[in-house]
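Here the structure is laid out as structure tokens; the discussion comes afterwards.
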2 protein chains.
Amino acid sequence: MEEDLFKALADPTRRLILDELTERDGQSLFEVCARLATRHGLAVSRQAVSQHLAVLEAAGLVTARREGRYKFHDLDTRPLEHIVRRWLTPAPPEDTP
Amino acid sequence: MEEDLFKALADPTRRLILDELTERDGQSLFEVCARLATRHGLAVSRQAVSQHLAVLEAAGLVTARREGRYKFHDLDTRPLEHIVRRWLTPAPPEDTP
DNA sequence: ACGATAGGCAAGCCGTCACTTGCCTATCAA
DNA sequence: TTGATAGGCAAGTGACGGCTTGCCTATCGT
């Protein structure tokens, strides 16, 4: 699980998606696509973004809720706090698989 | 540069190295190897650890100083604070002062 | 019912990454 | 000086990750 977190953060496009969700929660897949294109000049396909969102979801950084034919994505920054506790505070290290 | 930071954190062995340096700063390459083996049961070759340390150094997470034939590695967690400020600081409304 | 919209699934391609292998330099101890 | 120690460099390999391609299901508007 913690492994998924760092893998998720390793891709620059995924980090931009986190930025977009930080600014506006509850975006759909196409909204994320559009904002990546217009605000960052990224030509990312729908499938690519879909897979990125799946990775972010597996990492616990994004929660998704279905409403009709739409799927809205919300940001959850709580997993990031694990990073802080691991190295930024005088705390015992955690284990990674 | 920020790209290097996330790449460096993406590998579990490198995160363990950070853990070891958190516990004891100024370790040499062979010391890191030994501690990874004895404390985490990892059979990592010297060259592998050497490359990991180079990646951590490129990310700014580790600074190295040469003394004779030894090279000691020190941890620098400051780049990590940069990560946290990106998504964690515009935090959800919390009443705790 | 029909077409359009929103999204999912799976195979394949290609680049990157972690690791090995082999050989090299530099420092210290005898 | 010789041998042992500490580390570096570079090419090659295997696996994984990001992206595409093609086709699929589900929901909504008309």
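The values are calculated or read from the model by the stated rules, or taken from the named source; none is laboratory data. A quick note: this is a predicted structure, and the numbers were derived from the prediction, not measured. Neighbour counts are summed over all protein chains in view; Cβ atoms, including those assigned to glycine, are modelled from backbone coordinates with ideal geometry.
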Checklist entry - If we scan region A:77-96, do we find a residue that is among the aromatic types (Phe, Trp, Tyr), free of Cβ contacts under 8 Å to residues at least 60 places away in the same chain and more than 14 Å from every other protein chain (Cβ to nearest Cβ)? => result no
Checklist entry - Exactly one of (1) in a helix (DSSP H, G or I); (2) surrounded by 12 or more Cβ atoms within 10 Å (Cβ to Cβ); (3) more than 12 Å from DNA strand D (Cβ to nearest atom) is unmet by residue B:38. Its number? => result (2)
Checklist entry - Looking at region B:35-57, which of its residues are in contact with a strand residue (DSSP E or B) (Cβ under 8 Å, 6 or more places away or on another chain) and within 16 Å of residue B:8 (Cα to Cα)? => result B:53, B:56, B:57
Checklist entry - Given (1) within 13 Å of the chain's Cα centre (by Cα); (2) surrounded by 14 or more Cβ atoms within 10 Å (Cβ to Cβ); (3) within 12 Å of DNA strand D (Cβ to nearest atom); (4) not β-branched (Val, Ile, Thr), where does residue B:54 come up short, assuming only one miss? => result (2)
Checklist entry - How many of the residues making up region B:33-48 are more than 14 Å from every other protein chain (Cβ to nearest Cβ) and more than 8 Å from DNA strand C (Cβ to nearest atom)? => result 4
Checklist entry - In region A:21-35, what residues are in a helix (DSSP H, G or I), closer than 16 Å to residue B:88 by Cβ and not hydrophobic (A, V, I, L, M, F, W, C)? => result A:22, A:23
Checklist entry - How many of the residues making up region B:6-28 are touching a residue at least 12 places away in the same chain (Cβ under 8 Å) and of a type in the set (Asp, Glu)? => result 3
Next on the checklist: With the requirement that a residue be within 23 Å of residue B:4 (Cβ to Cβ) and in a loop (DSSP other than H, G, I, E, B), what does region B:43-75 give you?
Outcome noted: B:44, B:45, B:59, B:60, B:61
Item to check | Residue satisfying condition, being closer than 30 Å to residue A:20 by Cβ and either at pLDDT 95 or above or within 9 Å of DNA strand D (Cβ to nearest atom) (or both), within set B:4, B:74, B:19 | outcome: B:4
Item to check | Residues satisfying the stated conditions in region B:58-89, i.e. touching a His at 6+ places or on another chain (Cβ under 8 Å) and closer than 23 Å to residue A:10 by Cβ | outcome: B:62, B:63
